[in-house]
1. Condition (residue is in contact with an Asp or Glu (Cβ under 6 Å, 6 or more places away or on another chain) and modelled with pLDDT under 80) applied to the range 106-124: is it met by at least one residue?
2. Please pick out the residue among A76, A115 that is out of contact with any Lys or Arg (no Cβ under 9 Å at 6 or more places or on another chain), surrounded by fewer than 16 Cβ atoms within 10 Å (Cβ to Cβ) and of a type in the set (G, A, S).
3. So which residues in the range 26-44 are over 17 Å from F165 (Cα atoms) and among the small types (G, A, S), if there are any at all?
4. For the structure I just gave you, tell me whether S39 is touching a residue at least 60 places away in the same chain (Cβ under 8 Å) and either polar (S, T, N, Q) or loosely packed, with under 12 Cβ neighbours inside 10 Å (or both).
5. For the range 87-112, which positions are more than 23 Å from the chain's Cα centre (by Cα), in contact (Cβ under 8 Å) with a residue 12 or more places away in the chain and surrounded by fewer than 13 Cβ atoms within 10 Å (Cβ to Cβ)?
6. When you check T32 against the structure, is it part of a helix (DSSP H, G or I), out of contact with any strand residue (DSSP E or B) (no Cβ under 7 Å at 6 or more places or on another chain), free of Cβ contacts under 8 Å to residues at least 12 places away in the same chain and polar (S, T, N, Q), yes or no?
7. Out of (1) more than 18 Å from the chain's Cα centre (by Cα); (2) of a type outside the set (A, V, I, L, M, F, W, C); (3) assigned to a helix (DSSP H, G or I), the odd one out for D50 is which?
8. Which one of the conditions (1) more than 27 Å from E167 (Cα to Cα); (2) in contact with a helix residue (DSSP H, G or I) (Cβ under 9 Å, 6 or more places away or on another chain); (3) not aliphatic (A, V, I, L, M) does S94 fail to meet, given that it meets all the rest?
Amino acid sequence: MNTTTLLIITGVIAIFLLWIVSIYNSLIKLKTRTEEAWSDIDVQLKRRHDLIPNLVESVKGYMTHEENVLTKVTEARNMAINAKTTDEKSKAESALSETLKTLFAVSENYPDLKASANFTKLQDELSDTENKIQAARRFYNGNARDFNIKIRIFPDNIIANMLKFTEFKFFEADEKEKENVQVKF
């Protein structure tokens, strides 16, 4: 084997290795961004979880006949905090959102509560947090989409499969959230 052939083979191997490193690095970058986006959701969920005890406490004095609603909110919060997987968190957070909606609907029956500055402030903060959670979920889904596409397309899928990269699940609306809203007059 002459020197030229050896240089060509070495060059081809070097280019092949650089190509693999390039794909690997881009996969790691997308995976890290998606994990960061998931962390952003967790931060907002933690904020919501921290606000709920204050909300329940501010409502207790006004809603003495609504102990069941307050208990459900507290239980839903605890389930959300203890959820581990993406699916568990998604379901638990949807249940928590439903119980909070019930709490706010019931609060309409208590004019003194609605006039409370503390309750109004907590309600506004929760509303703001809900908006931030939705934005964080959209950001996460966008990153998950980009990563999932990257590990599916050829030839990147070969490297991704060899290195055991797996898809991220999307945050999706719960079936209850997809139902049509019933408006009655």
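The values are calculated or read from the model by the stated rules, or taken from the named source; none is laboratory data. What you see is a predicted model, and the numbers here were worked out from it, not measured in a lab. Don't worry about glycine lacking a Cβ; one is built from the backbone with ideal geometry, like all the others, and counts go over all protein chains shown.
1. Of the residues in the range 106-124, the ones in contact with an Asp or Glu (Cβ under 6 Å, 6 or more places away or on another chain) are 106.
Remaining after also requiring modelled with pLDDT under 80: 106.
There is at least one residue in the range 106-124 that is in contact with an Asp or Glu (Cβ under 6 Å, 6 or more places away or on another chain) and modelled with pLDDT under 80.
2. Result of the check over A76, A115: A115.
3. Once the filter is applied, which keeps residues that are over 17 Å from F165 (Cα atoms) and among the small types (G, A, S), the range 26-44 yields A37, S39.
4. Numbers: touching a residue at least 60 places away in the same chain (Cβ under 8 Å): no; either polar (S, T, N, Q) or loosely packed, with under 12 Cβ neighbours inside 10 Å (or both): yes.
No; evaluated as a whole, the condition is false for this residue.
5. The one that is more than 23 Å from the chain's Cα centre (by Cα), in contact (Cβ under 8 Å) with a residue 12 or more places away in the chain and surrounded by fewer than 13 Cβ atoms within 10 Å (Cβ to Cβ): D112.
6. Details: part of a helix (DSSP H, G or I): yes; out of contact with any strand residue (DSSP E or B) (no Cβ under 7 Å at 6 or more places or on another chain): yes; free of Cβ contacts under 8 Å to residues at least 12 places away in the same chain: yes; polar (S, T, N, Q): yes.
Judged against the criteria, T32 is a match.
7. (1)
8. (1)
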